[in-house]
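The values are calculated or read from the model by the stated rules, or taken from the named source; none is laboratory data. What you see is a predicted model, and the numbers here were worked out from it, not measured in a lab. No Cβ is skipped: glycine too gets one built from the backbone with ideal geometry, and neighbour counts run over all protein chains shown.
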Amino acid sequence: MTETCRIVGTTPDRVFAVLADGWSYASWVVGAAHIRDVDPAWPAVGSRIHHRIGPWPLQINDETVVRAVEPDRLLELAAHMWPVGSAVVRVSLELVAPASTRVRMAETLTSGVGRVVPDAVQALLLRPRNAEALRRLDDIAVHRETPVI
């Protein structure tokens, strides 16, 4: 399992709001190119984001499924990355100060060709990608306007 961590300058509920917005997935997940559909129940367990991955014109249709959710604390996903295989991605949120959240992204390749790649090599490939994903998540969570109700 490869883990990447970042302190984000806002509260867990604001970070989770980005995770709970399935339409924002391609904005922060490196490699996701286009959201085709989001199940209305997202981010309930079993709900899906239907997306495209990869660079154009080599994009393929794929999906990500929620495996576990604890609002404002955790989102665990089964991310399909055909033809590489699948991965389990666990994003956990921990309040560390009044307006600071530790975001941990842990990823492990669970099927396909990627599963036989040694852990050290997986870390070399996944850590920079996930660090960029957390930078993007940080930008969105901190700078997104709070909806006026």
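Within the stretch 97-136, the set of residues being free of Cβ contacts under 8 Å to residues at least 24 places away in the same chain and assigned to a strand (DSSP E or B) comprises Ala97 only. Selection of the stretch 10-26 for residues being part of a loop (DSSP other than H, G, I, E, B), of a type outside the set (D, E, K, R) and free of Cβ contacts under 8 Å to residues at least 60 places away in the same chain yields only Ala20. Can you find a residue that is among the β-branched types (Val, Ile, Thr) and in contact with a His (Cβ under 8 Å, 6 or more places away or on another chain) anywhere in the stretch 80-89? No, the conditions are met nowhere in the stretch 80-89.
On the given criteria, is Ser100 at pLDDT 95 or above, loosely packed, with under 15 Cβ neighbours inside 10 Å and of a type in the set (Ser, Thr, Tyr)? So Ser100 fits the description; yes. Of these, Val29, Val15, Val8, which one is β-branched (Val, Ile, Thr), buried (at least 19 other Cβ atoms within 10 Å of the Cβ) and modelled with pLDDT under 95? None of the others qualify; the one that does is Val29.
If you go through the stretch 105-124 and keep only what is out of contact with any helix residue (DSSP H, G or I) (no Cβ under 6 Å at 6 or more places or on another chain), crowded, with 16+ Cβ neighbours inside 10 Å, under 28 Å from Ala17 (Cα atoms) and of a type outside the set (Gly, Ala, Ser), you end up with just Thr108.
All of Val38, Val69 fail the test of being closer than 20 Å to Ala141 by Cβ and without any contact (Cβ under 8 Å) to a residue 24 or more places away in the chain, apart from Val38.
Whenever a residue of the stretch 85-96 is touching a residue at least 12 places away in the same chain (Cβ under 8 Å), its partners that are surrounded by 19 or more Cβ atoms within 10 Å (Cβ to Cβ) and polar (S, T, N, Q), lying with C-beta atoms within less than 8 angstrom and at least six residues away or across chains, give the pairs Leu93/Thr101; Glu94/Thr101; Leu95/Thr101. Quick one: would you say Ser92 is within 16 Å of Val18 (Cβ to Cβ), buried (at least 17 other Cβ atoms within 10 Å of the Cβ), touching a strand residue (DSSP E or B) at 6+ places or on another chain (Cβ under 7 Å) and of a type in the set (Gly, Ala, Ser)? Taking the combined requirement at face value, the residue satisfies it.
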